[in-house]
1. Pick from B:A194, B:A210: which is free of Cβ contacts under 8 Å to residues at least 40 places away in the same chain, among the small types (G, A, S) and either in contact with a strand residue (DSSP E or B) (Cβ under 6 Å, 6 or more places away or on another chain) or surrounded by 16 or more Cβ atoms within 10 Å (Cβ to Cβ) (or both)?
2. Quick one: would you say B:R109 is in contact (Cβ under 8 Å) with a residue 12 or more places away in the chain and within 14 Å of chain A (Cβ to nearest Cβ)?
3. Among the residues of region B:127-148, are any closer than 18 Å to A:L280 by Cα and not aromatic (F, W, Y)?
4. Considering (1) in contact (Cβ under 8 Å) with a residue 12 or more places away in the chain; (2) within 13 Å of chain A (Cβ to nearest Cβ); (3) not polar (S, T, N, Q), say which one B:V230 fails and leave the rest.
5. Taking B:G123 as the residue in question, decide whether it is surrounded by fewer than 24 Cβ atoms within 10 Å (Cβ to Cβ) and small (G, A, S).
6. A:S110: surrounded by 14 or more Cβ atoms within 10 Å (Cβ to Cβ), in contact (Cβ under 8 Å) with a residue 12 or more places away in the chain, away from chain B (no Cβ under 14 Å) and assigned to a helix (DSSP H, G or I), yes or no?
7. What tally of residues in region B:40-79 results from selecting those that are under 10 Å from the mean Cα position of the chain (by Cα) and surrounded by fewer than 24 Cβ atoms within 10 Å (Cβ to Cβ)?
8. Looking at region B:48-68, can you tell me whether even one residue there is closer than 24 Å to B:D150 by Cα, modelled with pLDDT of 85 or more and away from every other protein chain (no Cβ under 14 Å)?
Amino acid sequence: MSILVNLMSVDYAQVLATGTTYGAIFGAIALGYHLIYVSSGMLNFALGEQLAISGLGVISLQAFGLPLIPAIMVALLVAGLFGAGYERIALRPAMRMGLIGPLIASVGVSIVIAQGRVLIWGPNPRPFPPFTGEPNQAVDFLGGRWQIQSFWIIGLVTLSTLCLLVFLRYTSLGRAWRATSQSPVGARLSGINPSLIAMSSVALASVLVTVAGIAIAPLVLAGGFYGLNFGVRAFAAAILGGFSSTGGVLVGGLVIGLLDAWLAAALSVAWSEIALYGLLILVLLIRPTGFFGREVVTRS
Amino acid sequence: MRRGAAWSSWLSPAVVLLLVVAFALTQGSFYRLQLGTLAGIYAIAVIGLTLLFGGAGQISLGHAGILGTSAFITANLTVSHGWTPLTAMVPAVAGATLMGLLLGWSALRTTGHYLALVTLAFGLMFSEFGRTVFSAGWYGVPPLTLGPLDLGDSQRMFVAVWAVVVASLVAVLLLVKSRFGRSLAALRDDPVAAAASGIDLARTKIAVFAIASALGGVSGWLFAMYQGSVTETSFSFMLSFNLLIMAVIGGLGSPLGAIVGSVFLVVVPEFGREYEDFRLLGYGVALLLVLGLLPGGIASVGRVLADLVLRRSGSATPAVSGK
């Protein structure tokens, strides 16, 4: 019974503040999964680790004397090139094994990023200053304490999503992406190169998670060991939202963020992890297609 | 391949057995025997994974949870309740198999990437559970005894573990050639056609998860006695990933490759102990190299070379052609 009481007597305003902040991040990663999955059928598990190192990249670029904004720009460019690069040399070749291949390859890429990070930047995560104000400065909003950085996070994720939607709607590459996601065969017949689309979606998803990673770095340290945790939660968000729906995966991110914050407030850290994974498995078993997707997208 | 299939299926177990006996007789070094034993323990689990990935086109990213279940049961029963290691094997392997049945049941409802997430979540949940509930761990797991035979001696333990490896190899090779093995291949290549041909997909999927998990259970049981202690950190997601890497590097779908992959991943890093920091990075790079350049794994090197020599066009075909 005491567990039930704990679950109910939670500071919901605070859950809203934390949940929305992290939910935006999970949503951004989930959007990255969605971009790649819908256009190529590949699942790229490395996005979580990419997110975790993005703050470190900015710190290093600043050490070279770049101011914050140019450093972020260069970091985004590098992230995009890195994404395109590993799509070519790691994910694409593994397609020979079927769609399970890129998934296994992306696990390999995750390991390389996580271990390479330790070699380049050392094992200790580094503090990253918030974009405005003092570290951990918070304001009262909707009854809870919101970190100033939370507004930056939510704003940046919203802005990047809007940019992405504009890009997909009005540019020729975006239109090609949409054509490929609707009908790979039809797109190919119209002269679209699906392999190029796959490469650019990995690049685009890399840029997206790097924006999210830089935005969250002031709250969770740059280069902390949260890549896998975030990656799995975003994976859950993407499935909850139905991989095929752009809006769905963002809502999925928010739901997972709120659920995570609620469990963490009600239970100890360890038990909230166990409960979250347990719920995740249950939801997958009860409703494998998620709550927003039309049906499971299958590619052969 | 057709011709001589009868003797060639006995060839690889025989070669492995010969190498093992030779190694056990010539290597007095405690350290090398320990390493060889560890490689063998992993090989048993990886043989199961090979059947799962390569044989049936299913995936498990949480296999450490299966090994962990068995090791936790073994350690708990022997240390806290005074069971002998041999009797503890029954509930340990049964527990692991039960977990496998549950995962197999979830594989009925989910496929592909969804199944990957279910198994990953299972693995993460297990390691978090172990860290929370069994944070003290168990120390002093007694060595295995078979009647008068004490396997506490590292040489005997080595031989015993590798006997199990060879037995698993033979069992899986026979299984792949059986009616069940053919239905696995059908399930992997085209589930719809397989179902249309009268194969019970549900039973086949659950069965292959159960078999892979039973082998994982044997591996976890042996691990508990090999280590002498079971702690919360032994079965993290990194172990799941390592087992996956072993299966891929050796050659997905090849039970012999499972052994090659396990030995490779345990033994090769020992040649560069001063580069310990690079070990995991090396695992990741090796995985990507094999996926990119040698889809059949190390086990296919011979075939690829033979193809090159005979100038046949097109190298070895990939072992897996899942959906």
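The values are calculated or read from the model by the stated rules, or taken from the named source; none is laboratory data. Just so it is clear, the model here is predicted, and its values are computed rather than measured. Backbone-built Cβ (ideal geometry, glycine too); neighbour counts: all protein chains shown.
1. Details: B:A210 fails: free of Cβ contacts under 8 Å to residues at least 40 places away in the same chain.
Being free of Cβ contacts under 8 Å to residues at least 40 places away in the same chain, among the small types (G, A, S) and either in contact with a strand residue (DSSP E or B) (Cβ under 6 Å, 6 or more places away or on another chain) or surrounded by 16 or more Cβ atoms within 10 Å (Cβ to Cβ) (or both) holds for just one of B:A194, B:A210, which is B:A194.
2. no
3. Scanning region B:127-148 turns up at least one residue that is closer than 18 Å to A:L280 by Cα and not aromatic (F, W, Y).
4. So the condition that B:V230 fails would be (2).
5. Considered against the rule, which asks whether it is surrounded by fewer than 24 Cβ atoms within 10 Å (Cβ to Cβ) and small (G, A, S), B:G123 comes out as no.
6. Numbers: surrounded by 14 or more Cβ atoms within 10 Å (Cβ to Cβ): yes; in contact (Cβ under 8 Å) with a residue 12 or more places away in the chain: yes; away from chain B (no Cβ under 14 Å): no; assigned to a helix (DSSP H, G or I): yes.
So A:S110 fails the test.
7. Number of matching residues: 0.
8. Scanning region B:48-68 turns up at least one residue that is closer than 24 Å to B:D150 by Cα, modelled with pLDDT of 85 or more and away from every other protein chain (no Cβ under 14 Å).
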